[in-house]
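Let me begin by presenting the structure, written as structure tokens, before commenting on it.
The values are calculated or read from the model by the stated rules, or taken from the named source; none is laboratory data. This one's a predicted model, so the numbers in the text were calculated from it and none came from an experiment. Reconstructed Cβ throughout: ideal geometry from the backbone, glycine too, with neighbour counts over all protein chains shown. These area figures cover heavy atoms from the full protein model, side chains too; ligands, DNA and RNA do not enter into them. Shrake-Rupley method; radii C 1.70, N 1.55, O 1.52, S 1.80 Å.
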Amino acid sequence: MNKPRNPPDRAFRISRSPVRSSALGPGYSVANSNTRILGPHKQASAGTGSSLASTLPANLGLNSDRLRTQMVRRLREQGITDDRVLAAMQTVPRHDFVDQGLASRAYEDAALPIGYGQTISQPWVVAYMLAVMCEGRAPQRVLEIGAGCGYQAAVLAQFVPEVYAVERIRGLYDQARLNLSQGRSRGRVRLSFGDGMQGLEHRAPFDGIVVAAAGVKIPEVLLHQLAIGARLIAPEGATHQRLILFERTGPSSWHRVELEDVRFVPLRPGTQT
Ligand code: SAH
């Protein structure tokens, strides 16, 4: 197998986005969450959405469009500019992907528990990863490793024709399948139960790969399932994690760039039933 190499840094248009100086949020961090690390005491602001959300749980279905508008506005303020991603996040009802008891918090800028010790990623993390992966491209076929409750796959499926998603925990796979069979996401994501560390060889090459769990090292096999010119984004590291962007530049060359500091749930081998 060819070894990915790291050529000297060349112009990647992605820059590390500015850290927001917004007011500190109320500290809604989940111990093992998929979030950006802003510094020892900083947490991405929950924004105005949280106060509004707390008044609305009973009517969330009716008011969620407004909450999503606020969420999207906040994402723009946080430096997300990709209109495809923003429109998709305006469309997908995030509250339908979390437990009913957490639905009122679905539009906060926070990761939330989805059971089995896993989390749905912070909206900013979802938006940022997809925007970076798709920058300057119109991917036709994308692979997501770590479907969790299916939210990120549903967002992707709003603007990518072929979305494949893999989940290794049976209970979450079942949950994602249910979530993705309803509403606007119906039938748009090809979900499979298995170990995503192997990728999906029979569907490769992909125009983009997004990994929603952190490995100590990004599995090399995934890099080989990228089409030439395509991008993979994934968190990497154990205690200190960073988002890493790989772009395949040729049959046996990849360009690697380190992006934001983050904290993700771990990428694990095998399956859990
Ligand atoms: N994409 C989700 C995030 C889910 S959290 C969202 O929309 O918010 C990360 C998920 O990765 C967990 O559900 C975890 O079970 C899964 N995961 C970890 N290792 C995996 C592997 N090897 N293959 C597939 N899924 C994996």
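Is one or more of the residues making up the stretch 190-199 within 14 Å of the chain's Cα centre (by Cα) and not β-branched (Val, Ile, Thr)? No, because not a single residue in the stretch 190-199 is within 14 Å of the chain's Cα centre (by Cα) and not β-branched (Val, Ile, Thr). When Arg137, Arg203, Arg188, Arg141 are screened for being among the basic types (Lys, Arg) and within 20 Å of Val98 (Cα to Cα), only Arg188 passes. Of all the listed residues (Leu267, Leu232), the sole one being within 11 Å of the ligand (Cβ to nearest atom), under 14 Å from Glu144 (Cβ atoms) and not small (Gly, Ala, Ser) is Leu267.
Taken together, the residues in the stretch 110-121 that are open to solvent by 40 Å² or more (accessible area, probe 1.4 Å) and hydroxyl-bearing (Ser, Thr, Tyr) amount to 1. Summed over the stretch 122-162, the residues that are of a type in the set (S, T, N, Q), out of contact with any Pro (no Cβ under 9 Å at 6 or more places or on another chain) and open to solvent by 10 Å² or more (accessible area, probe 1.4 Å) give a count of 2. Against the list (1) open to solvent by 40 Å² or more (accessible area, probe 1.4 Å); (2) within 12 Å of the ligand (Cβ to nearest atom); (3) within 20 Å of the chain's Cα centre (by Cα); (4) farther than 22 Å from Ala154 by Cα, the condition Ile218 fails is (1). Quick check on my filter: what residues within the stretch 198-215 are of a type outside the set (A, V, I, L, M), within 12 Å of the ligand (Cβ to nearest atom) and either modelled with pLDDT under 95 or buried (at least 21 other Cβ atoms within 10 Å of the Cβ) (or both)? The answer is Gly199, Gly215. If you go through the stretch 173-197 and keep only what is open to solvent by 50 Å² or more (accessible area, probe 1.4 Å), part of a helix (DSSP H, G or I) and polar (S, T, N, Q), you end up with just Gln175. What number of residues within the stretch 233-243 are surrounded by fewer than 20 Cβ atoms within 10 Å (Cβ to Cβ) and under 14 Å from the mean Cα position of the chain (by Cα)? Summing the residues that are surrounded by fewer than 20 Cβ atoms within 10 Å (Cβ to Cβ) and under 14 Å from the mean Cα position of the chain (by Cα) in the stretch 233-243 gives 1.
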